[in-house]
Amino acid sequence: MKLIAATLALLLASAFPLLAQETNWDARLGAVSGDVTIFPADGSPETSGEAGMPLEQGDRVVVGDGGAAEVALDGTSLIVVRANSDLKLEKTAKGDSTFFLAVGSLLAKIQKLGTQSLRVRTPTAVAAVRGTEFGVETDGEASHVGVFDDGKVEVEGLAGGKPELLRANQETSVLKGAGPGHAVQLQRFVARRAQMRAQGRRLAALKTKWKALPPAERRAARAKAIERMRENRKKLIEKRSAIKKEAEDRRRQNLQKNQQRRQEDLRKMEERRKKARGNRP
């Protein structure tokens with residue numbers, strides 16, 4: 001019976017690929033700004049991020065100084081990865097999805113998930129949500145989680161301790177090796193409230209333009225985007241290398257000119273000294 005069930009499952013998966021696709025989030029990059037790098041799950045070379053690029057389970061989104069990247073889920077939820085951050089899409093199954101924020105910060109507006117669950121892990125904590133507006137920050141040694149005007153988030157420390165349930169306008173911190181602190185009124189995340197509201201408006205606009213992509217189209221769009229952005233990244237690296245070389249050449253030339261000038265000054269000074277010694281009585 002087990003063999004028959006397994007065979008039937010394989011036949012259904014092959015006959016109805018769209019059903020298998022629907023079990024995972026249709027994750028894509030939304031708007032990107034600054035230096036955004038995607039490290040593909042298959043271990044292939046990194047590529048620059050591009051708006052609309054499909055993302056797969058295991059991809060890492062790394063945002064440099066001054067940059068930002070949107071990770072859209074089905075056009076109904078939006079995670080904004082902020083500057084100097086590293087986010088991995090660890091698990092994209094809709095029923096049980098996990099994102100790992102190794103360092104940096106994010107703001108997320110997640111649709112009501114019902115029986116589904118979504119978690120954001122950090123090096124010190126896990127934040128479990130079922131539909132809310134929240135923010136997460138971590139430097140690897142401490143993590144901070146805050147809930148804005150909507151929803152609840154349960155925060156656990158990786159070292160154990162009693163979970164802390166955050167409600168609207170509350171936050172907590174989790175230090176390395178400790179459990180979450182008691183929930184307090186928003187303090188650290190108050191400055192992010194306006195950005196969270198803007199993110200809500202951005203998500204509303206995104207929903208109106210979102211179009212579902214069948215698996216074949218997703219793969220094709222991802223392959224084209226990766227090829228195009230790798231070429232762009234290669235050109236950017238070459239340009240930066242040329243600029244660096246040009247700057248180094250100028251520095252070397254200036255150094256040589258300064259050395260020649262000093263040598264000339266020393267020569268003239270020595271000539272003046274000789275002349276002065278020759279004029280002595």
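Looking at the stretch 66-80, which of its residues are assigned to a strand (DSSP E or B) and either in contact (Cβ under 8 Å) with a residue 40 or more places away in the chain or not hydrophobic (A, V, I, L, M, F, W, C) (or both)?
Scanning the stretch 66-80 gives A69, E70, V71, A72, L73, S77, L78, V80.
Quick one: in the stretch 56-65, which of the residues that are assigned to a loop (DSSP other than H, G, I, E, B) and under 12 Å from the mean Cα position of the chain (by Cα) is surrounded by the most Cβ atoms within 10 Å (Cβ to Cβ)? Break it down into steps so the answer makes sense when it comes.
Here is the first cut: in the stretch 56-65, the residues assigned to a loop (DSSP other than H, G, I, E, B) are 56-59, 64-65.
Now drop any that are not under 12 Å from the mean Cα position of the chain (by Cα), which leaves 59, 64-65.
Values: D59: 23, G64: 13, D65: 8.
Only one residue tops the list, namely D59.
Kindly check whether there is at least one residue in the stretch 100-118 that is buried (at least 20 other Cβ atoms within 10 Å of the Cβ), out of contact with any Gly (no Cβ under 7 Å at 6 or more places or on another chain), of a type in the set (F, W, Y) and without any contact (Cβ under 8 Å) to a residue 60 or more places away in the chain.
Scanning the stretch 100-118, I find no residue that is buried (at least 20 other Cβ atoms within 10 Å of the Cβ), out of contact with any Gly (no Cβ under 7 Å at 6 or more places or on another chain), of a type in the set (F, W, Y) and without any contact (Cβ under 8 Å) to a residue 60 or more places away in the chain, so the answer is no.
Listed here are the residues, each with its yes/no results for (1) under 22 Å from Q57 (Cα atoms); (2) of a type in the set (V, I, T).
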| residue | (1), (2) |
| --- | --- |
| F189 | no, no |
| A198 | no, no |
| R202 | no, no |
| K209 | no, no |
| A216 | yes, no |
| R222 | yes, no |
| R228 | yes, no |
| E231 | no, no |
| I237 | no, yes |
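Can you name the residue in the stretch 197-256 that is among the β-branched types (V, I, T) and at pLDDT 90 or above and is also surrounded by the most Cβ atoms within 10 Å (Cβ to Cβ) among such residues? Lay out the reasoning, then the answer.
Going through the stretch 197-256, the residues among the β-branched types (V, I, T) turn out to be 208, 226, 237, 243.
Subset that is at pLDDT 90 or above: 208, 226.
Numbers: T208: 7, I226: 20.
Of everything passing the filter in the stretch 197-256, I226 is surrounded by the most Cβ atoms within 10 Å (Cβ to Cβ).
Taking the options S143, S85, S97, name whichever one is surrounded by 17 or more Cβ atoms within 10 Å (Cβ to Cβ) and more than 22 Å from A191 (Cβ to Cβ). Spell out the reasoning first.
Working: S143 fails: more than 22 Å from A191 (Cβ to Cβ); S85 fails: more than 22 Å from A191 (Cβ to Cβ).
Checking each option against the conditions leaves just S97.
Failed condition for A221, given (1) in contact (Cβ under 8 Å) with a residue 24 or more places away in the chain; (2) assigned by TED's automatic domain parsing to the domain that holds H144, with all others met?
(2)
Under 6 Å between Cβ atoms, at least 6 apart or on separate chains: pull out the pairs that start in the stretch 175-198 with a residue that is in contact (Cβ under 8 Å) with a residue 12 or more places away in the chain and end on any residue that is among the aliphatic types (A, V, I, L, M) and part of a loop (DSSP other than H, G, I, E, B).
G177/A159; A178/A159
The values are calculated or read from the model by the stated rules, or taken from the named source; none is laboratory data. Fair warning: this is a prediction, and the values are worked out from it, not measured in the lab. Neighbour counts are summed over all protein chains in view; Cβ atoms, including those assigned to glycine, are modelled from backbone coordinates with ideal geometry.
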